[in-house]
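Following: one structure in structure tokens, then a few remarks.
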Amino acid sequence: MALTDVPTDQNHSTLSRLPAMAGVVVVVLAILSGLATYTILTGLSPIKPTPDIITWLLGGNLALVLIMIGMILWQMWSLLVAKRRGTAGAGLHIRLVSLFSIIAALPALIVAAFAAVTLNRGLDAWFSERTRSIVDSAVTVAEAYMRDHGETARGDIASIAADLNNQKLLFDTDRPDFVRRVARHAALRGLVGAFVFDTSHKRIDANITLNNKIAFRAPPQEALERADKGELVVMPPGEGGNIIRALIKLTNYPSEYLYVYRAINPSVIDQLDETRAAKAEYDQLLEQRSGVQITFALMYAGVSLIFLLAAIWLGLWFADRIVAPVVSLLSAARRVSAGDLDAKVTEMRGPGDLQTLARAFNRMTYQLKEQRNELMTANHQLDERRRFTEAMLSGVTAGVIGVEPDGAISLINPSAFTLLGMSEQDLLGRNLAEVLPSFSVVFEQAAARVSGWAEGQVNMRVGTQERNFVVRVTTEASDSDDHGYVVTFDDISQLVSAQRNSAWADIARRIAHEIKNPLTPIQLSAERLKRKYGREIQTDKQVFEQCTDTIIRQVGDIGRMVDEFSAFARMPSASLETQDLVSVVREATILQRVAAGDLEIDVRITEERIEFAFDRRLVTQAVTNLVKNAREAIEARPHDDQAMKGRILVEAGIDAHHAPFIVVTDNGIGLPKENRHRLTEPYMTTRVKGTGLGLAIVKRIMEEHQGTVLLDDAPQDFDGGRGARVTLSFTPVLDEQLAVPAQ
């Protein structure tokens, strides 16, 4: 019986869970049934062991044994389940029950084995190999005699058929003489009957019999079918007969068969039948031997199970009496280990040591409960502080990282994941210098200072973008020298970029004002010198013209540069009106195709109108700047790459987030990996003749439209990934504003 995980001082004994009287009744009935079966089967009782009585006895024994087995299995299963659940005392119960079961089972098994061996030896005397060999030999001799007569009949009919196949002419011309010939063959071979018959005409052409008691009996259809296939068919005597029959088809006749009878001594047939009957009886007795052995084995097994069941019940009773006090204490201890400090042990009756142990246990649980309550109160206060700190950290936009004294990251807020573009697995538990080497410089400065504080700006690549962070490191307040650090950082990339743009805009205004004024007089003076003195100068006239042309050309270049400065400085605010982005991109690329020369400009734009609010002039300027930059990037390729045809791909459409976009891809020199994010700042360029204002103006235009500019490498499916790709993404708009069928 299984024990529960509660104190057992109020539990009933294991045997009380099932009525003990029911078990006693089953055991007594099983013993009586076993004794009755034994006395009847061994002949000690006047009751004859008829099959019906044996069936009832075995059925009753089987039912009682099954009931006992069910009771045993149920109790053992309960004990195993209790042990698997870790119930106190279950293991001790199983050991005691197993010990009693072994003690009871061993004598029963020994007696059963001895009885089985004795019975088997007694039966071996009846069913020895010598006796079986004699019986089998008698049957074999009788059957050999029958096979010999069958082979004789086979030889007789074969020789007669061979002769008759040569007498076809006699059969057709002189039928009586043919019949006499068949009779001579039958008499010569001692056949009691010989017949030649035609199945197609249903007649017997030759009917030779030894006496009138022998009559023609038609062969079975199966024999005729086998004869038609060319077989020589021999048929043994039927039940109660002594005639061996043989059938063969005459090959030289259309449908004639030869059918002969050979007689066997009737006494031989009788002896054969008696031999077979004796053999069958012997086999039946041999088969009953196993039944007898099984019957006695079942009887001994039932007795063994009865003793085994009694031992199990006795073991359970002793186990309850012995381990009940210990189980109560173990069960209470298990409840305490599970966290139930209200568990108490009743000071049970018994030896003084167990009573003292129960008092000590109850006192211990009381003290543990008081200490746990104090710890839970302190832990609750710490938990409230922790939740407050986590709520505060999750609400700030700056990133916060907690660092252990050894440099391992122990805490990080959600904003830090977003700013760094990393996951929790990438940061938590790893060393700061390993995952964020740019931050480690400021961290080492703080660790080296007495104040434990440091601040600095670091540049870090996040994804495909370069970001500028301001990093501050402070030391955690701690009484020990082994203290941690708190790293806070924020993204100031847009702030730095805005400051640079503002500074460059002011510089552009000054340059446009100070430089543009003298450019016009210089250009006019150079043109006048060329017109007035170009004809008068005879010496070095070519040099004079080259110098004046250079002045005019350079002044024009400077003028265009100043115009770009002025345009960047005076960038107007966007005038948003509902326009069609498709038509704007198409018109801007048409103008660039004229100036493209041999360059291939491919335009892939949706056939539907993309209408939303934007400034047509500014977006046209942005597309123009991007295509112009793409042309210049292609022209700046090395001479070795000039053989490759320049390609520019312009795309426009709507992405999955319902945001309009413009993409310009080229196979030029591409974009640098370092400081790529600064290419959108004023006067930041990688080309010799570039002003550095093209992408800056594009970025200003997209900022006016609350959009973004993404600089990336060309995809692999575009000339093998050679070149650059610039994407202009506008803010998402409603579905009904995006796609309008073309008109």
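Of all residues in the stretch 565-594, count the ones that are modelled with pLDDT under 70 and either part of a strand (DSSP E or B) or under 23 Å from Glu651 (Cα atoms) (or both).
Total satisfying the criteria: 0.
Whenever a residue of the stretch 241-261 is closer than 10 Å to Val196 by Cβ and in contact (Cβ under 8 Å) with a residue 60 or more places away in the chain, its partners that are of a type in the set (S, T, N, Q) and surrounded by fewer than 23 Cβ atoms within 10 Å (Cβ to Cβ), lying with C-beta atoms within less than 7 angstrom and at least six residues away or across chains, give the pairs Leu250/Asn165; Tyr257/Thr199.
Is it fair to say Val462 is under 27 Å from Leu711 (Cβ atoms), surrounded by fewer than 18 Cβ atoms within 10 Å (Cβ to Cβ) and not assigned by TED's automatic domain parsing to the domain that holds Asp712?
Spelling it out, Val462 is indeed under 27 Å from Leu711 (Cβ atoms), surrounded by fewer than 18 Cβ atoms within 10 Å (Cβ to Cβ) and not assigned by TED's automatic domain parsing to the domain that holds Asp712.
Against the criterion of being hydrophobic (A, V, I, L, M, F, W, C), under 30 Å from Asn459 (Cβ atoms), under 52 Å from the mean Cα position of the chain (by Cα) and surrounded by 13 or more Cβ atoms within 10 Å (Cβ to Cβ), Val664 qualifies. For the stretch 53-72, a tally of residues being at pLDDT 75 or above and over 16 Å from Ser33 (Cα atoms) returns 1.
None of Ala194, Ala223 is touching a His at 6+ places or on another chain (Cβ under 7 Å) and small (Gly, Ala, Ser) except Ala194. Scanning the stretch 598-608 for residues that are within 15 Å of Phe661 (Cβ to Cβ) and surrounded by 14 or more Cβ atoms within 10 Å (Cβ to Cβ) returns Val603, Ile605, Thr606, Glu608.
Within the stretch 720-735, can you find the residues that are surrounded by 13 or more Cβ atoms within 10 Å (Cβ to Cβ) and either within 41 Å of the chain's Cα centre (by Cα) or aliphatic (A, V, I, L, M) (or both)?
Here is the first cut: in the stretch 720-735, the residues surrounded by 13 or more Cβ atoms within 10 Å (Cβ to Cβ) are 721-733.
The answer is Gly721, Ala724, Val726, Leu728, Pro732, Val733.
Counting only residues that are buried (at least 16 other Cβ atoms within 10 Å of the Cβ) and either assigned to a loop (DSSP other than H, G, I, E, B) or not assigned by TED's automatic domain parsing to the domain that holds Glu231 (or both), the stretch 147-198 holds 3 of them. The residues of the stretch 166-178 that are among the hydrophobic types (A, V, I, L, M, F, W, C) and modelled with pLDDT of 85 or more amount to a single one, Phe178. Within the stretch 41-56, is there a residue that is part of a helix (DSSP H, G or I), touching a Gly at 6+ places or on another chain (Cβ under 8 Å) and buried (at least 17 other Cβ atoms within 10 Å of the Cβ)? The answer is no; no qualifying residue exists. Please verify whether the stretch 87-99 includes one or more residues that are among the charged types (D, E, K, R) and modelled with pLDDT under 75. There is no residue in the stretch 87-99 that is among the charged types (D, E, K, R) and modelled with pLDDT under 75. Can you tell me which residue is nearest to the chain's Cα centre (by Cα) among those in the stretch 394-427 that are assigned to a loop (DSSP other than H, G, I, E, B) and under 16 Å from Phe489 (Cα atoms)? Only one residue tops the list, namely Met422.
The values are calculated or read from the model by the stated rules, or taken from the named source; none is laboratory data. Quick caveat: nothing in here was measured; it's all calculated off a predicted structure. Reconstructed Cβ throughout: ideal geometry from the backbone, glycine too, with neighbour counts over all protein chains shown.
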